[in-house]
Structures are given as structure tokens and as C-alpha cells.
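The values are calculated or read from the model by the stated rules, or taken from the named source; none is laboratory data. Fair warning: this is a prediction, and the values are worked out from it, not measured in the lab. Every residue, glycine among them, receives a Cβ derived from its backbone with ideal geometry; neighbour counts consider all protein chains shown. Calculation scope for accessible area: heavy atoms of the full protein, side chains included, ligands and nucleic acids excluded. Shrake-Rupley method; radii C 1.70, N 1.55, O 1.52, S 1.80 Å.
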Amino acid sequence: MGDEWYETVFENRCSEVNEFLERKRDLGRSPRTLNEYSRTLQKFFHDEFPELEPGEVTVRHIEQYLSALTRRDLSQNTKRRYLESLSAFYSWAMKRPRYAEITGNPAAVVLEELPKRVRDRPDCATWENGRAIVHGLQEPRLKLVAIVMAKTGARVSEVVTLEQDDLLLDDGFIRFRNRKGKATTVFPIDTETRDALERYRLVWKGRDTEYVFPSIRGEHLSREQVRRRIREAAVKASVMEEDEHRFEKKFTPHTYRTVFTTEMRNAGMKDHILRYLRGDKDSEAMDVYTRVDRETAKEAYLDCIRELNL
């Protein structure tokens, strides 16, 4: 699917759904989340049950929809995502008196009975493998993207959208402003990462772009381009096979998040600091209640982070 999630929010035949999408957009939901909602709701109301209005949907209809998803051989977690989109719509609509005909959340009833499967940690998610991939990347932009992911555990979308003024290198931080839930994290970096960023800035100095990792068109690198190059480097470094598709055997950009989290936990980092650094959805609340500040996070981070031997 690549970056197509960022491009189009579908219109729906149901006015209730369209208003739901508009309100979620107003509340700052990401384009990807909006598209997850809109694609699922369009499939449900346009393809599966075109004769039904939202207020006419029952638990039985949701169960029939789940059976259709099962026949498509979708994973348990994928089916949960689809039902979560439906449940989010009904939860929102139930709280609006103008939609008096919507009196319940049939999707939530089925969702409660659908267990979430937690994937095992990938076998290849080791610091050594992550380091080998970094060393195998020759193109400076892609190499530095991998360095930042390894040293921060940030999502690839958070890294490729870094802007020039997010590099607070004199103070030893970078700023991630594109985290889930529109959160911002000022993230500490070690000397190795700061030196790599400084060298990179010298090479790209004078380029007319706001992004740290620009594409040839002046926009930021795409996530798909990063995924492709990481995969190629992983194959070249014998971290994974070229035709590998099993989750536990392949190394993707997101695997760096697993590597980082494992390293920090093994080094003894406190959970509330790790949640703050990872930019987890509840990190802002944790920050309020436990008073995580930049310097505290920086001290804990520098005590735990390992070298990539650049």
C-alpha cells in the first residue's frame, strides 16, 4: 500500500459517516487513520450492506461481515482493525443526539470476543543485525535514516518527516513532531548520532528544502523507499533471505523499533521513560504524572544506548 494511505479519504453514501470523518479530521487524526476509517466504512456500507443505513445494523450483520473477512484469509489482527474502525464510528455516533436512530455499538459487541494476537519478537531483531544493515547502506540519506531509527526507535514516518529546525544538535536533541496522536517528543541523542547528523548536514548544506531527508522532488523520502532499501541491505548482510515474508524472519524499518525497545529494557531503562521516548500514545499522560523532562530522559538514554561503530 505504501504511501497511498496519505492521499485520499473516500466519500461515503451515509452522511453520518462523512460527518464522522470530518470531525475526526478536525480533531487532528492522521491521514492514515482517516483512510483506515473511510476505507473500512465504505467497504461495509457500499459493498457488504448497501441496503442498510447505520441505524439498521445489528450484531448479526457485524458477525456476517467478520465471516466474510475470515473467508478472505485475513489475519486476526487485520480483522480487529476493521472492526475497530466500525466500532469507532458507532461509539462516536451514539453520543450525538441528532443520530437518535443509532442506539448501540454492534461492532463493539463482536470486537470484545475477537482476541488480539500478539506477535512474537522477530528472531532477527538484534542490535548486531541492525548495525550490519546500517553499515551495508551506502547512500548517505538512507544510512542516516537507519542510524536515527536504530538510535531512537522512531517510526519510519517520524524520521523521514524530520525538518531542519527539528535538529537541536547544540543541545543534544532532535524533535519528533509527527508522532501518533499528534504528540511531540524532544528526543536525546548521543555523540555518535550527533556527529553523523553534523557530517550529513555539511554534505547537504545549501539545499533548498525544509526536510532533513529530501527526495529528488524536494519533498521528504517516502516510507516505501526506506523499506525497500532496508530490505535490500538486510539481504546483502545475510540478515534475511531475499524472498522472506515471514514476520519473525524479516527485517523491516519497524524492526528497529523492536531492537531499540529491547536494548533499552535490557539496559534497565525505567518503563515511564521508555514510553516517553518511544512516543507511545499514553506518553503525554505519563509525562504529566511522572514528570519526565528532557534532561532526565537524556541521562537515562545516554546510560543505555549502544554504539553502532560508524
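What translational D, rounded to a whole number of µm²/s, comes out for segment 107-188 from Stokes-Einstein when the hydrodynamic radius is the Kirkwood one over Cα pairs, at 4 °C and 1.567 mPa s?
The calculation lands on 85 µm²/s.
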Inset, instruction - Keeping the other protein chains in place, figure out the carbon and sulfur percent of the accessible area of segment 79-158, with a 1.4 Å probe. - result: 49 percent
Inset, instruction - Have a look at 278, 228, 141 and tell me which one the Gaussian network model of the chain (Cα, springs below 10 Å) gives the largest fluctuation. - result: 228
Inset, instruction - Using 0.36 nm per residue of separation minus the Cα-Cα distance, give me the extension gain between residue 135 and residue 53 in nm, one decimal. - result: 24.0 nm
Inset, instruction - Report the residue, chosen from 46, 220, 272, that carries the largest GNM mean-square fluctuation when the chain is represented by alpha-carbon nodes joined by springs under 10 Å. - result: 46
Legend entry - Isotropically averaged projected area of segment 165-244, using the convex hull of Cα atoms (one quarter of hull area), nm²: 7.4 nm²
Legend entry - Equivalent-ellipsoid semi-axes of the chain, from the Cα gyration tensor, Å, largest first: 39, 22, 20
Inset, instruction - Please give the per residue volume of the convex hull enclosing the alpha carbon atoms of segment 14-76, rounded to a whole number of Å³. - result: 101 Å³
Legend entry - Calculated SAXS-style log₁₀ I(q)/I(0) at q = 0.26 Å⁻¹ - segment 233-276, Debye, Cα scatterers: -0.88
Legend entry - Cα centroid separation - segment 222-252 against segment 151-214, whole Å: 23 Å
Legend entry - Counted charge near residue 101, where neighbours are those whose Cβ lies closer than 15 Å (Asp, Glu -1; Lys, Arg +1): -1
Legend entry - Of all accessible heavy-atom area on segment 192-266, the percent that carbon and sulfur account for (1.4 Å): 44 percent
Inset, instruction - Please give the per residue accessible area of the chain, computed with a probe of 1.4 Å over protein heavy atoms only, in Å². - result: 53 Å²
Legend entry - Residue-count net charge about residue 307 - beta-carbon cut-off 9 Å; Lys, Arg +1, Asp, Glu -1: 0
Inset, instruction - Mind ranking 26-32, 231-237 by how tightly packed they are, going by the mean number of other C-beta atoms within 10 angstrom, highest first? - result: 231-237, 26-32
Legend entry - Where Rh is the Kirkwood radius over Cα pairs, Rg/Rh for segment 144-185: 0.93
